[in-house]
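Enquirer: Just passing along the structure, written as structure tokens.
All of the numbers you see were taken from the coordinates with simple rules; none came from a lab. Since the model is a prediction, treat every value here as computed from it, not as a measurement. In this analysis, Cβ positions are derived from the backbone assuming ideal geometry, glycine residues included, and neighbour counts consider all displayed protein chains.
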Amino acid sequence: MNELLYNTLTNEYLTFVKDPKNIVKIREIRKLLSNIESIKTGLTECEVVKETNLYRLLHYKPTKEQNYKYPLLIVYALINKSYIFDLQQNKSWISKLLEQGINVYLLDWKSPSKLDKYTSIDDYVNLFIYDCIEIIKDIETTDQVSLQGYCMGATMCLMYTTLYQKNVRNLTTIAPVVDSEKDTTVIKNMAQHMDIDKVLSYHDNFPYELLYSLYASLKPFKQGVNKYLTLFNNLEDESFVQNFLRIEKWLYDTPPIAGETFRQWIKDIYQKNLFAKNKMIVGDNKINLSKIKVPLLNLVADADHLVSPGCSIPLNDLVSSTDKSMMNFPTGHVGLIASGYSQKNVVPRVGKWILSH
């Protein structure tokens, strides 16, 4: 670095941190961040219908008369935590669906232990999702559910639907991982060159530290200096601060992923693209997307840096549904479900589609 530039930046930094007003704000930010675990999320009232070592099935209390016959099961991804769907009152995907009279269940994944390292995609699809849907059918006295998945959860919902289509009234996929050959993200590039067998020879499950480092590396400036500078500049805005802290808590709340599940995810989906080629084996079954005939709504975020739009869009051509739609939104992966924009523009349209199907 040019010596003059270095000295200039150093002097500006020293001037900034020595300013008494700035010192007070920096101390306040440190205090806020040190207490981030106390921030409340997932405030919408619900009951735990079933709990195992790897998941909880949650049922949310209706907030208005239910005017849709079929219950909705939301299947979250295995990465981070599902409370991103219920971050705070004015940014809650779940509460917005409840307001539309939809009966909402959520499959909330728990962190796998070392004993769960052999848990596979087969277990997640043919045991966990399957069991939860059977439980919901019994509770609600219905033969079908409306199914909705986010990211990795959407991909697993697609797998389930190819195998148990008679149980699915309609399917909503939110930023699904489908055709990895058309994925241009850094994640795809890293996964393509990952020696997952070697990684898992050192670890029982894929470590949360590696996951967080991977996601932090995607936008290092935005996820580093820039976001804290933005917090500094908006410290007097209580609404901004509370939203920032909830998102920050969620970003750091990264669980490990069961070793065998992640091994197949990397090899079959990102490295061999077997899912899009209808050649992926889950349990004893080959997953064939062309078997899907239920009504489909596919949501795509145009600015998604975790799952390229091009990775999700091909789904509509791979299924056999005659009633299929795709909605594109000018937002990112998280903004699609947990932002003010989502509350105004995404969830109302999704709810309307569900109610009409």
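Enquirer: Among bridges DSSP assigns within the chain, what percent are antiparallel (round to 5)? Please list the in-between numbers first.
Expert: Numbers: 16 of 40 bridges.
So the antiparallel bridges in the chain amount to around 40 percent.
Enquirer: Next question, about the same structure. Strictly over 23 Å apart at the Cα level, which of Lys69/Lys344; Lys114/Lys182; Lys69/Lys96; Lys117/Lys249; Lys198/Lys279 would you flag in this model?
Expert: Beyond 23 Å between Cα atoms: Lys69/Lys344; Lys114/Lys182; Lys117/Lys249; Lys198/Lys279.
Enquirer: Another question, then. Would you order His333, His193 from fewest to most other beta-carbon atoms within 10 Å of each residue's own beta-carbon?
Expert: By the 10 Å Cβ count, ascending, the order reads His193, His333.
Enquirer: Can you give the extra length, in nm with one decimal, that the chain gains between Asn288 and Lys110 once fully stretched, where that is 0.36 nm per residue apart less the Cα-Cα distance?
Expert: 61.2 nm
Enquirer: Per 10 Å bin from zero, what fraction in whole % of the C-alpha pairs of the chain is there, up to the bin with the longest pair?
Expert: Going from the shortest bin to the longest, the percentages are 5, 23, 33, 24, 10, 4, 1, 0.
Enquirer: Another question about this same structure. Hey, rough spin-label estimate for Thr141 and Val24, points 7 angstrom out along Cα→Cβ, what's it come to in nanometres?
Expert: In this crude label model, Thr141 to Val24 measures out at 6.4 nm.
Enquirer: Rounded, prolate or oblate: which fits region 307-357, taking a ≥ b ≥ c as square roots of the Cα gyration tensor eigenvalues, rounded meaning a/c under 1.5, else prolate when a/b beats b/c?
Expert: Oblate shape, in that a/c is at least 1.5 and b/c is the bigger or equal ratio.
Enquirer: If each DSSP helix of 4+ residues adds -39,500 (n - 2.57) and the sum is divided by the residues in the chain, what number results at 222 nm, nearest 500 deg cm²/dmol?
Expert: When only DSSP H runs of four or more count, the value is -10500 deg cm²/dmol.
Enquirer: Considering the Cα positions of region 123-168, please state its Rg to one decimal place and its Dmax as a whole number of Å.
Expert: 10.0, 29
Enquirer: Using the membrane-span-like helix rule (whole DSSP H runs, Cα extent along the own axis of at least 18 Å, mean Kyte-Doolittle hydropathy at least -0.5), which helices of the chain qualify?
Expert: 3-18, 20-34, 238-252
Enquirer: Kindly put Glu181, Glu45 in sequence by how many other C-beta atoms sit within 10 Å of each C-beta, fewest to most.
Expert: So the residues, fewest neighbours to most, are Glu45, Glu181.
Enquirer: So if the hydrodynamic radius of region 247-357 is defined as the Kirkwood radius over C-alpha pairs, what does Stokes-Einstein give as its diffusion coefficient at 37 °C and 0.692 mPa s, in µm² per second?
Expert: Stokes-Einstein gives a translational diffusion coefficient of 203 µm²/s.
Enquirer: Please report, largest first and rounded to whole Å, the three semi-axes of the ellipsoid equivalent to region 243-287, where each semi-axis is the square root of five times an eigenvalue of the C-alpha gyration tensor.
Expert: Rounded to whole Å, the semi-axes are 31, 12, 9.
Enquirer: Roughly what % of Cα-Cα distances in region 109-212 sit above 21 Å, to the whole percent?
Expert: 48 percent
Enquirer: Can you give the FRET efficiency for Tyr130 and Val199, using 1/(1 + (r/R0)^6), R0 = 25 Å, r = Cβ-Cβ distance, to the nearest 0.05?
Expert: After rounding to 0.05, the efficiency reads 0.30.
Enquirer: While we're looking at this one, here's another question. Please list 338-351, 71-84, 195-208 highest first by mean number of surrounding beta-carbon atoms within 10 Å per residue. It would help to have the intermediate numbers written out before the result.
Expert: Details: 338-351: 17.5, 71-84: 23.2, 195-208: 14.9.
So the order, starting with the most tightly packed, is 71-84, 338-351, 195-208.
Enquirer: For the chain, calculate the relative contact order in percent as a whole number, restricting contacts to Cα pairs under 8 Å that are 6 or more residues apart. Spell out each step's value before the answer.
Expert: On the way: 621 pairs, mean separation 74.2, N = 357.
The value is 21 percent.
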